[in-house]
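All remarks here apply to the structure that follows.
The values are calculated or read from the model by the stated rules, or taken from the named source; none is laboratory data. Because the structure is a prediction, the values reported are computed rather than measured. For neighbour counting, all protein chains shown are included, and Cβ atoms are generated from backbone atoms with ideal geometry for every residue, glycine included. To get the accessible areas, we keep the full protein, side chains included, count just its heavy atoms, and leave off ligands, DNA and RNA. Shrake-Rupley method; radii C 1.70, N 1.55, O 1.52, S 1.80 Å.
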Amino acid sequence: MMKKYLLVFILGLTSHYIISQNIYHTDVTGLSTEVRKGHLDLGGISITGESIEVNNFFIERNDKPWFPVVGEFHYSRYPNRFWDEEIKKMKAGGVNVVATYVFWILHEQREGEFRWEGDLDLRRFVEVCRDNDMEMIVRIGPFAHGEMRNGGLPDWLYGRPFEVRSNDSLYLVYTEKLYNQIAQQLQGLYFKDGGPVIGIQLENEYQHSAAPWAISYQGAEREYTSARFDREIIQAGVGTNEMGNDYAEYGQKHMQTLKEIAIKAGMDVPLYTATGWGYASIVKNGSIPVMAGYAYPFWTAGNKPSPFFLYKNIHKNPDYSPVSYVPEDYPSLAAELGTGMCVTYSRRPLVVGESFLPMMVRTVGSGSNGLGYYMYHGGTTPSNGFYMFSEGFGLNLKSYDYQAPIGEFGNTSTGFRHLRLINLFLTHYGSILAPLVPVIPETNTALTPEDTVTLRYAVRSDGSKGFLFMHNFQDHLQVSDLKELQVKIKTGKETISFPENGTFNLKPGVSAIFPFNMQFGNLTFKYATVQPLCNFKHSAISYYVFFSPEGIAPEIVLNEDAKLSVTNAKITRKNGKTFISGVNGSIFEFGKENQRFLVIPFNDALKACLAGSTGNQNLIISDALVLESGNKLSLILKEQESVTLETYPRIKDIELSGETVLSEKIPSQIFSKFLISMPKIIPEINLVQYDDRHFVLNAHNFDFSAVNDIFIRFDYRGDRAVCMLDGELATDNLYTSKPWIIGLKRYADQLKNYEMYFYFLPMRKDAPYLGYLEKEVLPDFRESKEFLEIKTPKIIPEYKISIELKQP
């Protein structure tokens, strides 16, 4: 590694060395890309002839590398009548596998009485996933955690004469009954049957973490849901364990026993997983140890910068190491990358959606071959009157919004669109990426989270081709522009410079994945300062879409003197190479024969998705959330009655459903562009402020069928707020600096007869969470010990427009 040093003398002070690390060198020669097979008791074949196998580095589908993108969504925390639309949203976000917990406490509240109906209908949820071509990993417990009461263990287990989460024969009897029940719900839906269930997670954080028993007393020491012999190593959340585990052999035996019980019950799948962080026990050679990464945890105090934005070889050295297994025997897959976080009354970490993408770019660049988002979709924890199934102990009693990409009421956040960029990349290029090994630069050896001046980057390569990963983000710290950067990668034949001429700047929050010596269609990119997004076919023409990260000049260099058709770009040829240059923030296109290459700006990439059947797809760019349903598209938009929709390649027209929806074509050089409008709906809803703390909502006369949803947005500063309906707590909010948003459509039937009440409480001067709030929202407590401010709330209709693309 070469560094540039600039010696600066400051008059009257000691001299200092300032490191100007603008040129970075990495050597990818001499890499070994061999994988080991046959040592893991995993994999399987379906009745359709499809296969899933696992080697020590990646998962294979039909003998090709496969990169799963897993999003967590708890069916029991969302109304079942809306499952289909929410799964479609997850699919639109680029997720290809849904993970969900089976919370034992919800299904067997009373011993021997299992419930699988309504919002607890696991089988129907799996069928909805299947109908949307989404595969599943079912996390069957017995212990789950998930901020559920007792971590999901039923209350009636408390005080029984055996150790929970142990090999006690009585405990295993109850476990077998649970597993048999789950297996009945999943019968015929496994991968082997041609169904969507490809994986089963056994237990959760076994011999690592536990939840407090809800049966307790104020002032009493907390009892945790673990066997007594594990109490010394058990933690309240995800973390490291430097102590080791005297009962590790016992733990492996327990996990193996759980797998045997699951298979006996009929849960026969190609993938078994077990949480592997912090020395947790797994099924040795019989499960994939899935990993985690939480940059904004509520279970530890303070706002310290985390290590999860620093590149490392994650396959050799997993996050939250040491671990209980040999990491290089298994592929590195994640199950719980914190795309959001719960808050407690005293600890309220604010998770910014802009953090999601840099964290995933770092995780993939470090060698992970599977992403798992926890949570990807939030929800509401069910209750039975005022018997709460939430964990309690300071957490929300109802809301499980989790600050997730898709929130408690199905509303998408900033992080949803940011994550889609890497999700699409992994869907379309994951098979190329998965076999590439991580190469970590020497600069990372001494890099700490507090160092925000050294470039954070890594390479994945096979020694000749690969991808350059980099970002400029650190949680809990402000970062500045990294200026005049150049990265040089030494391969077996040459040294490739990003860029070949000049330098680039990396703005705060920006991340990038740049290819080198990669083939796209019939063209080999020597390097490119644009990120691959997706590829597709339409009418026998292949399309490749890239985007230019903010602030970086888009340039593509081909290893040939290519004859191309070009729109909005400049072509130069030098030394047998072709340079294609565009302007950052603009769109350009080039092509050769039956292949077209499109580069769009970052902001357009955030609005981009694919629609259509294989072989006849279109790129769609729109501010609306675009969902697919057969051959039709649904556009979901709120706070606006009109939206533009662009398609690539061009189409003939769009067909709109509903006489009240209007559209017009807008001239565009490369796309077909339409302006779609509909009349504004003013909801017949009364929201009345009774005093400084109370609001009452009346929607008795409103027809909810006229909209897709209605959201109430409270922009307030205070301690907390609750929403009451029909004498019960509907949801709640612990203030985190963000507005509180409540969706009403799930309550439509109740709102015909009942009013909805909102109650706000003031923030106090001595509140324990003030250090977690953004500085600009902190009130001036000099003249008062408490503070409450509620701005005029907004009633926001959400519209849904159905369209069909008409091809030429």
- How would you classify region 472-553 from its alpha-carbon gyration tensor, with a ≥ b ≥ c the square roots of the eigenvalues: rounded for a/c under 1.5, else prolate if a/b is greater than b/c, otherwise oblate? oblate
- Note on the structure: 1/(1 + (r/R0)^6) with r = Cβ-Cβ of H700 and T495, R0 = 56 Å, i.e. FRET efficiency to nearest 0.05, evaluates to 0.20
- Message: Given a 1.4 angstrom probe, I'd like the percentage of the accessible area of region 727-785 that is carbon and sulfur, rounded to a whole number.
- Response: 47
- Item | Förster-model FRET efficiency, 41 Å R0, S431 and N631, C-beta, rounded to 0.05 | 0.90
- Return the whole-Å distance between the Cα centroid of region 647-682 and the Cα centroid of region 380-439. 32
- Note on the structure: Share of accessible surface on carbon and sulfur in region 522-650, whole %, 1.4 Å probe and ligands ignored, is 42
- Query: Based on the Cα atoms of region 491-596, what semi-axes does the equivalent ellipsoid have, where each is the square root of 5 times one gyration tensor eigenvalue, given in whole Å with the largest first?
  - Reply: 21, 18, 14
- Item | Range in the chain, longest, excluding exposed chymotrypsin sites (Phe, Trp or Tyr not before Pro) [loop by DSSP; at most 12 other beta-carbon atoms within 10 Å] | 387-689
- Message: Quick check on region 95-224: take the gyration tensor over C-alpha atoms, sort the square-rooted eigenvalues as a ≥ b ≥ c, and tell me if it's rounded (a/c under 1.5), prolate or oblate.
- Response: prolate
- Note on the structure: Projected area averaged over all directions for the convex hull of the alpha carbon atoms of region 522-672, nm², comes out at 9.8
- Query: What spacing in nm lies between the two simple spin-label points modelled at E111 and T257, each 7 Å away from Cα in the Cβ direction?
  - Reply: 1.9
- Sequence order, region 794-808: Karplus ³J(HN,Hα) from phi using 6.51 cos²θ - 1.76 cosθ + 1.60, θ = phi - 60°, Hz rounded, Gly and Pro as x, gives 10, 9, 10, x, 10, 9, 9, 10, 9, 9, 9, 7, 9, 7, x
- Message: Give the separation of the Cα centroids, region 447-509 to region 519-535, in Å.
- Response: 18
- Query: So what is the calculated 222 nm ellipticity per residue for the chain, using -39500 (n - 2.57) for each DSSP H run with n of 4 or more, over all residues, to the nearest 500 deg cm²/dmol?
  - Reply: -3500 deg cm²/dmol
- Query: What helices in the chain pass both tests, a Cα length along the helix axis of 27 Å or more and a mean Kyte hydropathy of 0.0 or higher, using whole DSSP H runs?
  - Reply: 414-433
- Message: How much accessible area per residue does the chain have, counting only protein heavy atoms and a probe of 1.4 Å, in square angstrom?
- Response: 39
- May I ask you to derive the FRET efficiency for E176 and T572 from their Cβ-Cβ distance with R0 = 60 Å, giving the value to the nearest 0.05? 0.30
- Message: Counting other C-beta atoms within 10 Å, and keeping those with at most 14, which DSSP coil GluC sites (Glu not before Pro) do you find in region 759-808?
- Response: E774, E783
- Message: If you restrict to DSSP beta bridges whose two residues both lie in the chain, what percentage is antiparallel, to the nearest 5?
- Response: 75
- Note on the structure: Note on region 268-387, DSSP bridge orientation, antiparallel percent to nearest 5 equals 10
- Task: With θ set to phi - 60°, apply the Karplus curve 6.51 cos²θ - 1.76 cosθ + 1.60 along region 678-690 and write out the HN-Hα couplings as whole Hz, x wherever there is a Gly or Pro.
- Result: 8, x, 5, 9, 9, x, 7, 10, 9, 10, 10, 8, 8
- Item | Linear extension gain, S668 paired with T240, 0.36 nm per residue minus alpha-carbon span | 148.6 nm
- Obtain the nm distance between the two label points defined at E774 and N584 by a simple spin-label model: each point lies 7 Å from its Cα along the Cα-to-C-beta direction. 2.4
- In terms of the Cα gyration tensor, with a ≥ b ≥ c the square roots of its eigenvalues, is the chain rounded because a/c is under 1.5, prolate because a/b exceeds b/c, or oblate? rounded
- Inter-probe distance in nm under a simple model that places probes 7 Å from Cα toward Cβ, at Q218 and M724: 2.0
- If amide H atoms are modeled at 1.01 Å from N in the peptide plane, then the residues at a separation of 5 or more from D41, or on another chain, having amide H under 5 Å from its own are G286
- List every residue whose amide H lies under 5 Å from the amide H of T524, counting only residues 5 or more places away in sequence or on a different chain, with H placed 1.01 Å from N in the peptide plane. N559
- Task: Starting from the amide H of S332, placed 1.01 Å from N in the peptide plane, find each other amide H under 5 Å away whose residue is 5 or more places distant or on another chain.
- Result: N369
- Note on the structure: Carbon plus sulfur, as percent of the 1.4 Å-probe accessible area of region 157-301, comes to 46
